[in-house]
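Right, one structure below, let's go through it.
The values are calculated or read from the model by the stated rules, or taken from the named source; none is laboratory data. In this text the structure is predicted, and so the values were computed from the model without any measurement. Methodologically, a virtual Cβ is constructed for each residue, glycine included, from the backbone with ideal geometry; neighbour enumeration extends over all protein chains shown. Side chains included, ligands, DNA and RNA excluded: accessible areas come from the protein's heavy atoms. Shrake-Rupley method; radii C 1.70, N 1.55, O 1.52, S 1.80 Å.
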Amino acid sequence: MRGWNTSRSLRLRVAAAAVFMLPAGFALRGLAQHIETSTFNSSPLRPKEDPKAVARGKKAYEANCQSCHAADLRGGPGPSILRSQGALTDKNGENITAIIQGQDKMFPNHKYAISNDDSAAVAAFIRSNLALIGSQGRAPGDGTQKLNVVVGNAEHGKQYFEAKCASCHSAEGDLKGYAKKVSDPKTMQAAWLRGNHLGVPQPTIKVTVTQTGAKPVEGTLIHVDDFLVTLQLPDGSVKTIRRNGDIPKVVVKDPLEAHRNLWPVLADNDIHDITAYLVTLK
Ligand code: HEC
Ligand code: HEC
């Protein structure tokens, strides 16, 4: 899965660099044949967004997305939306809504319960920001704004921790002295939220593939989608197996599944409260 992300962002960098070097009005048709997903609607070719939708989207973004992606979209614990291929190629909310609602195959656990109308408005707000990007991946503005993540209530965070996290962690056990180990709160928030893009080491994800009549094949998961599963076998070799629906049977064991399942249910306040609590574990 990480291989995928890398190639995606590489492709994006190439595509975006190409588009930004072009003078306005340059015919993009020939170029589009060389890039898999064009950034046709990148600035300055983007149509102007409806200001009402943008205002509504800004509110919905602040309530539902900002704690992870930051007020300026550059990312907090979540990845930067300014570099998101899905967001950069969004025209009418089709990509962004799919990403928000967990329908994008790249981000199946990224599922947030916000209405279709609000999703469309958030998409308009994001596009209106992307139209202002100075150079690829740089936030609009002077880029000096700092995100303070320690704004939560540590006491609430402790209660949440005891209810939802204590089955696997303990303040006196594995997380003893955690704030000494990870002293930057922003890094800490990224570390406990554990996304794929966060620059945080990911534990190995194991997979077992069982083909009818054959011995199960076990290894480390490299990639899985509806059509293929790729894994590395214990001898180091890499194997790709075609899938057709549920055949062969694929069982993925992700040690961080509990964390990924938390994303959709964690409210902004919960995230801040937990981080504020973890900061006290000195
Ligand atoms: C709890 C944290 C969290 C919240 C809240 C959140 N996201 Fe995300 N978002 C993430 C993480 C983590 C990823 C990367 C997921 C992955 O790698 O599987 C991500 C991925 C994305 C991406 C794709 C980035 C890329 O690299 O292409 C977009 C776009 C996005 N989020 C938009 C949103 C929007 C819009 C909202 C609000 C409706 C939102 N997110 C709410 C954490 C969050
Ligand atoms: C079902 C078990 C489970 C639950 C529930 C769970 N975690 Fe975790 N957590 C893990 C595993 C597994 C790891 C990854 C260990 C690794 O990277 O090898 C982890 C990693 C972490 C880390 C990083 C530790 C380090 O050394 O970097 C923190 C912090 C953390 N979890 C906090 C939380 C918080 C806060 C909650 C509740 C909101 C929570 N966890 C819920 C299993 C769980």
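Numerical summary
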| quantity | calculated |
| --- | --- |
| Where Q159 falls short, out of the listed (1) exposed (fewer than 11 other Cβ atoms within 10 Å of the Cβ); (2) at pLDDT 95 or above | (1) |
| For I241: the one exception among (1) open to solvent by less than 80 Å² (accessible area, probe 1.4 Å); (2) within 30 Å of Q159 (Cβ to Cβ) | (2) |
| Conditions (1) assigned to a loop (DSSP other than H, G, I, E, B); (2) within 22 Å of the chain's Cα centre (by Cα); number of the one not met by G213 | (2) |
| Verdict on A63 being open to solvent by 60 Å² or more (accessible area, probe 1.4 Å), among the small types (G, A, S) and closer than 26 Å to K186 by Cβ | yes |
| Output for the range 86-102, where each listed residue is surrounded by 20 or more Cβ atoms within 10 Å (Cβ to Cβ) and at pLDDT below 90 | L88 |
| Residue within the range 130-149 that is at pLDDT 75 or above and over 23 Å from L262 (Cα atoms) present | yes |
| The range 257-276 residues that are within 11 Å of Y112 (Cβ to Cβ), paired with ones that are more than 10 Å from ligand 2 (Cβ to nearest atom) and open to solvent by 30 Å² or more (accessible area, probe 1.4 Å) (beta carbon under 7 Å, 6 or more apart) | W263/N109; W263/H110; P264/K111; P264/Y112 |
| Any hit, the range 48-70, residues being over 28 Å from N261 (Cβ atoms) and at pLDDT below 85 | yes |
| Test: residue in the range 111-120 that is more than 16 Å from ligand 2 (Cβ to nearest atom), open to solvent by 20 Å² or more (accessible area, probe 1.4 Å) and within 15 Å of the chain's Cα centre (by Cα) | yes |
| Residue match in the range 212-231 (condition: hydrophobic (A, V, I, L, M, F, W, C) and modelled with pLDDT under 80) | no |
| Residue within the range 274-282 that is aromatic (F, W, Y), within 11 Å of ligand 2 (Cβ to nearest atom) and farther than 21 Å from A179 by Cβ present | no |
| In the range 250-282, residue farthest from ligand 1 (Cβ to nearest atom) [restricted to those that are assigned to a strand (DSSP E or B) and open to solvent by 50 Å² or more (accessible area, probe 1.4 Å)] | V251 |
| Breaking point among (1) surrounded by 14 or more Cβ atoms within 10 Å (Cβ to Cβ); (2) modelled with pLDDT of 85 or more, for G152 | (2) |
| Close pairs (6 angstrom Cβ cut-off, 6 or more residues apart or separate chains): in contact (Cβ under 8 Å) with a residue 60 or more places away in the chain in the range 152-181, open to solvent by less than 90 Å² (accessible area, probe 1.4 Å) and part of a loop (DSSP other than H, G, I, E, B) anywhere | A154/T280; A171/L281; L175/H169; L175/L281; Y178/L281; A179/V279; A179/L281 |
